[in-house]
Amino acid sequence: MEEIDNKAEKRKDADIMKKYKAVFSDIDGTLLNSKHQIPENTRKKIKQINQNGIPYVLVSARMPKGMTAIRAELEAKSPMICYSGALVVDEEDHPIYSVAMSQEVAMKLCRRVYELNPKISVNIYTNDEWLVKDKKEYWAAQESDITGVIPQEVSFEDEEVYKEVHKVLCMGDKEDIAALEQQLVKEFPQIRIYRSKDTYLEIMSMKASKSDAIHMLKDHFHVKQEEIMAFGDNFNDSPMLALASLGVAMVNAPEGVKKSANLVTASNDQHGVTQAIIEHVLN
């Protein structure tokens, strides 16, 4: 592993070798490999730290239904941070923290996307429901295959659809998504808009963040900030990595994300999570 200068200045080498009491981890590009699977050795090590009383908390832009099977596979009994911090559910999947977009803004946003580019796939997430116009549409069908969740078809003309929106996901060709992001950032400065990958544009309340959700859960677990470890691979993980006493970026993360971390581990296809757990949690 290599140490990153930006945060190393703030934290001594001795800090890195502390015992950590809670681990927060992104899913896609971090915990899961490129085949959307948890490597067997990673699963074993996570089970081991869970048995030692160290919670491994899933943190993702996904909805709860897209995360519960992964939590079950890890045999973890812990809350989950969903929609990049807009919703936190407890061990029984009951909401314990929620930051939704205003109904007016969500409705205006979705209608504006269709005006700008009707080819864009617009997906609305409210609590544990995924709402679409057409579940057979290419992008929605692909996302369903990845997450194992089947969306619900609704009319986007129904204002009730926008009542408690935790996330809007826009999917399309990378050129279309880049152009859409550029325009929406200008028109909707009051909401958080970012690309989680070239073809995905994630939109949620400006008040929602992975780091804020972790702040709330550290009290739930009775742990201190210096006892938190976090893993991530994308820009929406940067605040979480900066917050954690030990922020670990995957080598497949963009350079800007690596600068938010203390350490860079191997890629999600090279057992990077396993390596960091062995070195800094199980040692």
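Where a number appears in this text, it was derived from the coordinates with a stated rule and is not lab data. In this text the structure is predicted, and so the values were computed from the model without any measurement. Every residue, glycine among them, receives a Cβ derived from its backbone with ideal geometry; neighbour counts consider all protein chains shown.
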Mind listing the phi-derived Karplus ³J(HN,Hα) values for region 243-255, rounded to whole Hz, using 6.51, -1.76 and 1.60 with θ = phi - 60°, and x for any glycine or proline?
-> 5, 5, 5, 10, x, 10, 9, 6, 5, 7, 6, x, 4
Scoring the chain by relative contact order with C-alpha pairs under 8 Å, at least six apart, yields a percentage of 24 percent
For the chain, average projected area of the Cα convex hull in nm² = 13.8 nm²
Just the Kirkwood number for region 137-223, please: inverse of mean 1/r across all distinct Cα pairs, in Å, one decimal.
-> 15.2 Å
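Express the relative contact order of region 163-245 as a whole percentage, based on alpha carbon pairs under 8 Å and six or more residues apart in sequence.
Once divided by the residue count of region 163-245, the mean separation gives 25 percent.
Cα convex hull of region 94-246: how many Å³ per residue?
Cα convex hull per residue, to the nearest whole number: 123 Å³.
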Hey, got the dipole for the chain? About the Cα centre, +1 on K and R Cβ, -1 on D and E Cβ, debye to the nearest 20?
-> 680 debye
Helical contribution to [θ] at 222 nm, DSSP H n ≥ 4, -39,500 (n - 2.57), averaged over the chain, rounded to 500 | -9500 deg cm²/dmol
Considering Cα pairs under 8 angstrom that are at least six residues apart, work out the relative contact order of region 99-163 and quote it in whole percent.
-> 31 percent
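Quick one: dipole size for region 67-197, taken about the Cα centre, charges +1 on Lys/Arg Cβ and -1 on Asp/Glu Cβ, in debye to the nearest 20. Show your work: numbers first, answer last.
Working: 16 positive and 25 negative charges, 116 e Å.
Roughly 560 debye for region 67-197.
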Proxy exposure order for 229, 107 (fewest C-beta within 10 Å first) is 107, 229
Report Rg (one decimal) and Dmax (nearest whole number) for region 115-160, counting Cα atoms only, units Å.
-> 10.7, 30
Once amide H atoms are built 1.01 Å from N in the peptide plane, which residues 5 or more positions from residue 194, or in another chain, come under 5 Å H to H?
-> 202
GluC sites (Glu not before Pro) lying in DSSP loop within region 67-117, provided at most 11 other Cβ fall within 10 Å | 92
Consider all pairwise Cα distances in region 24-106 and report the whole-number % of them above 17 Å.
-> 46 percent
Name the trypsin sites (Lys or Arg not before Pro) in region 198-283 that are in a loop by DSSP and that have at most 14 other C-beta atoms within 10 Å, would you?
-> 207, 224
